[in-house]
Amino acid sequence: MPSPGLLVLFGSQTGTAQDVSERLGREARRRRLECRVQALDSYSVVNLISEPLVIFVCATAGQGDPPDNMKNFWRFIFRKNLPPTSLCQMDFAVLGLGDSSYAKFNFVAKKLHRRLLQLGGSALLPACLGDDQHELGPDAAIDPWLHDLWEKVLGLYPVPPDLGVIPPGVPLPSKFTLRFLPEAPKMCSEEQHVAGADPPGPPSEQQPFLAPMVTNQRVTSPSHFQDVRLIEFDITGSGLSFAAGDVVLIRPQNQASHVQQFCRVLGLDPDQYFTLLPREPGVPCPTQLPQPCSVRHLVSHYLDVASVPRRSFFELLACLSPHELEREKLLQFSAPQDYLLDLIPPIRPRAFSIASSLLAHPSRLQILVAVVHYRTRLKEPRRGLCSSWLASLDPGRGPVQVPLWVRPGSLTFPETPDTPVIMVGPGTGVAPFRAAVQERVARGQTGNFLFFGCRWRDQDFYWESEWLELERKGCLTLFTAFSREQERKVYVQHRLRELGPLVWDLLDRRGAYFYLAGNAKGMPADVSEALTSVFREEGGLSGPDAANYLARLQRTMRFQSETWA
Ligand SMILES: Cc1cc2nc3c(=O)[nH]c(=O)nc-3n(C[C@H](O)[C@H](O)[C@H](O)COP(=O)(O)OP(=O)(O)OC[C@H]3O[C@@H](n4cnc5c(N)ncnc54)[C@H](O)[C@@H]3O)c2cc1C
Ligand SMILES: NC(=O)c1ccc[n+]([C@@H]2O[C@H](COP(=O)([O-])OP(=O)(O)OC[C@H]3O[C@@H](n4cnc5c(N)ncnc54)[C@H](OP(=O)(O)O)[C@@H]3O)[C@@H](O)[C@H]2O)c1
Ligand SMILES: Cc1cc2nc3c(=O)[nH]c(=O)nc-3n(C[C@H](O)[C@H](O)[C@H](O)COP(=O)(O)O)c2cc1C
């Protein structure tokens, strides 16, 4: 049977599902399958009825929500009036990306798999459930699943014997070619591209707002090992608005020294201009890149040259330079530089919980940023791209602008005046609760209970004086856990257990909402465990009943979490 044309459709909030989809695309091409890879919302969904073979790669975002770039598809596919035979010509498979510390683990992939079956599609195999919490990350589930997938697909559509599978050592053609221009264009396409004309709506990924940075203040003591910044932007005239729980997205750029070093090592002239041409028809050029574009702009604003290399990087590099004898081949490939966009991933925007309320700070947006800095076996310490870039900006030395936009958050707070909220936010996890407390206090909402954890009272107790002032005014009840002030660690979950009678009373009798934000590693599971132990001890529930109680809180959105790695 001839190749059916494989379609890979992805829904991705932060890029992982897109990376996996591109990997699928490459693996398909090696097997001589025609393959298109597209975001779900950029695909014309009415054509799905004539697709023979589709792989859906979907992350779960928010509280079990679909990522932004598949929301329209999601609404369409769950329309009640779709006939149950709509997709009876389609073989499909669903690959999910999720995190088992969330209550609705891989909810989108599971629900989509069921829906496609309902609409008559034939599943090639059960949905794959990638899990961030696995020590090997989502690949632990993806690798064996892909192995089975290709067996099924090749069973249906075998590789033509005269062509065979393209072996791993042979590079696939690059996605784009770079056509270098003899001289710089007269009009500066880059400035036009960044600043844009009159933005048509609120700022977005396509048209970010260039927000003036007002302050950038270190809020951990100078002697503390962790640099954390409170950063404030002026959003006057931006059209941005937000509520407690919303998130700001920031597009960082590479340090000038990294840009120079990268160009030097690859023999690129930063001032040279090029136009980008897709090799295959229908493949769009990245919207963030102006045309024509300078090498400097490409490397500063688009290529994530400081990122930890992905597996695909080594796969491609191995094709280009498996050993010394292949040096010539490497030169041959690196000369036209066409593989740059295949080798180096694009810079992804980074999310930060908004830490201020417009009701308390009109026209301002604040974030609390932990600067990522860690050592590996390499000589140079590794620095997080966005947090280090933000930390390096100094509005005291001249105007600084940061491209940003806002996304509705996954944490939502009750509007009733007296529904209590229990907020658990160790470290920078407290950021969204600062916005919530400000908003609730401004609206006269009572019952604000905050559990905050840090290392030492005098090193990393963010907003200490603000919290104490609010407590004094009777607007807030604060519980602290200073993990390193005594021999044994004391964390927020220890306080939750100690305050079990209060926590149980708030949740069971007063209908409180429970929120959790911060580091995804360990903390969410520990806090959930502490909560179920409160349900057992104070509510007298059995183990299974306590677990059901927590599940019910999650289902009814009275337990919400936002955690990050
Ligand atoms: C919804 C949401 C809200 C968020 N809110 C906040 C917030 O309020 N404040 C905040 O500071 N951050 C927040 N984050 C995290 C933020 O988006 C960035 O991930 C963070 O700032 C790091 O980005 P970076 O570009 O500096 O680092 P990157 O260049 O992206 O590097 C980070 C990566 O480095 C690796 N890494 C980090 N530390 C180590 C280590 N010790 N050992 C080995 N590898 C390591 C990990 O792979 C990690 O993913 C939030 C994330 C999400 C999704
Ligand atoms: N790679 C990692 O695993 C990792 C882990 C934590 C933080 N970080 C990095 O550190 C920076 C700041 O992170 P952050 O603001 O989220 O938090 P943080 O400052 O690292 O930690 C805040 C508080 O949470 C405590 N804590 C540690 N494990 C916990 C658990 N299982 N349950 C409850 N509390 C726990 C910490 O105690 P102790 O430190 O005393 O144990 C500390 O008192 C970020 O750059 C983050 O990426 C990385
Ligand atoms: C704010 C946030 C909310 C999340 N919510 C869920 C969730 O409800 N269920 C789940 O299984 N995974 C959840 N995850 C984990 C993501 O699905 C997982 O990290 C995935 O790899 C992200 O893929 P993407 O980069 O393509 O968006 C969440 C992650 C973040 C940062």
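The values are calculated or read from the model by the stated rules, or taken from the named source; none is laboratory data. Quick caveat: nothing in here was measured; it's all calculated off a predicted structure. Quick reminder, even Gly has a Cβ in these numbers, built from the backbone with ideal geometry, and neighbours come from all protein chains shown.
Just to be sure before I move on: is R484 within 16 Å of ligand 1 (Cβ to nearest atom) and among the charged types (D, E, K, R) in the structure I sent?
no
Would you point out the residue of the stretch 461-481, among those that are assigned to a loop (DSSP other than H, G, I, E, B) and within 19 Å of L516 (Cβ to Cβ), that is farthest from ligand 2 (Cβ to nearest atom)?
Of everything passing the filter in the stretch 461-481, L476 is farthest from ligand 2 (Cβ to nearest atom).
Tell me, please, whether a residue that is at pLDDT 90 or above, surrounded by 17 or more Cβ atoms within 10 Å (Cβ to Cβ) and either within 16 Å of ligand 3 (Cβ to nearest atom) or within 30 Å of C285 (Cβ to Cβ) (or both) can be found in the stretch 185-203.
yes
When the residues of the stretch 1-43 are narrowed to those that are in contact with a Leu (Cβ under 6 Å, 6 or more places away or on another chain) and part of a loop (DSSP other than H, G, I, E, B), which ends up surrounded by the fewest Cβ atoms within 10 Å (Cβ to Cβ)?
The residue in question is P4.
Answer with yes or no whether D418 is more than 15 Å from A244 (Cβ to Cβ) and modelled with pLDDT under 95.
For D418, the condition - more than 15 Å from A244 (Cβ to Cβ) and modelled with pLDDT under 95 - is met.
Might you let me know whether the stretch 501-517 holds any residue that is without any contact (Cβ under 8 Å) to a residue 40 or more places away in the chain and part of a loop (DSSP other than H, G, I, E, B)?
no
List pairs: first residue in the stretch 102-122 and over 16 Å from S12 (Cα atoms) and touching a residue at least 24 places away in the same chain (Cβ under 8 Å), second residue near ligand 3 (Cβ under 7 Å from one of its atoms) and not in a strand (DSSP E or B) anywhere in the structure, Cβ distance under 8 angstrom, at least six positions apart or on different chains.
Y102/T60; Y102/Q63; Y102/G64; A103/Q63; A103/G64; K104/T60; K104/Q63; K104/G64
Does the stretch 241-270 hold any residues that are surrounded by 16 or more Cβ atoms within 10 Å (Cβ to Cβ) and among the aliphatic types (A, V, I, L, M), and which are they?
Of everything in the stretch 241-270, those that are surrounded by 16 or more Cβ atoms within 10 Å (Cβ to Cβ) and among the aliphatic types (A, V, I, L, M) turn out to be A243, A244, V247, V248, L249, I250, V259, L268.
Taking the condition assigned to a helix (DSSP H, G or I), surrounded by 20 or more Cβ atoms within 10 Å (Cβ to Cβ) and basic (K, R), does K152 pass?
no
Is there a residue being among the charged types (D, E, K, R) and over 26 Å from the mean Cα position of the chain (by Cα) anywhere in the stretch 214-234?
So far as the stretch 214-234 goes, no, none of its residues is among the charged types (D, E, K, R) and over 26 Å from the mean Cα position of the chain (by Cα).
Going through the stretch 363-379 one residue at a time, which ones are more than 16 Å from ligand 3 (Cβ to nearest atom), free of Cβ contacts under 8 Å to residues at least 40 places away in the same chain and touching a Ser or Thr at 6+ places or on another chain (Cβ under 9 Å)?
Passing the criteria: none in range.
In a helix (DSSP H, G or I) and among the small types (G, A, S) - does that describe any residue in the stretch 93-107?
Within the stretch 93-107 (the criterion being in a helix (DSSP H, G or I) and among the small types (G, A, S)), the answer is no, since none of the residues qualifies.
Among residues belonging to the stretch 534-546 that are in contact with a helix residue (DSSP H, G or I) (Cβ under 6 Å, 6 or more places away or on another chain) and in a helix (DSSP H, G or I), point out the one that is nearest to ligand 2 (Cβ to nearest atom).
Step by step, filter the stretch 534-546, then rank; the result is V534.
What residue, among those in the stretch 70-100 that are of a type in the set (S, T, Y) and surrounded by 12 or more Cβ atoms within 10 Å (Cβ to Cβ), is farthest from G120 (Cα to Cα)?
Taking the candidates together, the pick is S100.
Quick check, is V437 β-branched (V, I, T), touching a strand residue (DSSP E or B) at 6+ places or on another chain (Cβ under 6 Å), within 16 Å of ligand 1 (Cβ to nearest atom) and touching a residue at least 40 places away in the same chain (Cβ under 8 Å)?
Against the criterion (β-branched (V, I, T), touching a strand residue (DSSP E or B) at 6+ places or on another chain (Cβ under 6 Å), within 16 Å of ligand 1 (Cβ to nearest atom) and touching a residue at least 40 places away in the same chain (Cβ under 8 Å)), V437 does not qualify.
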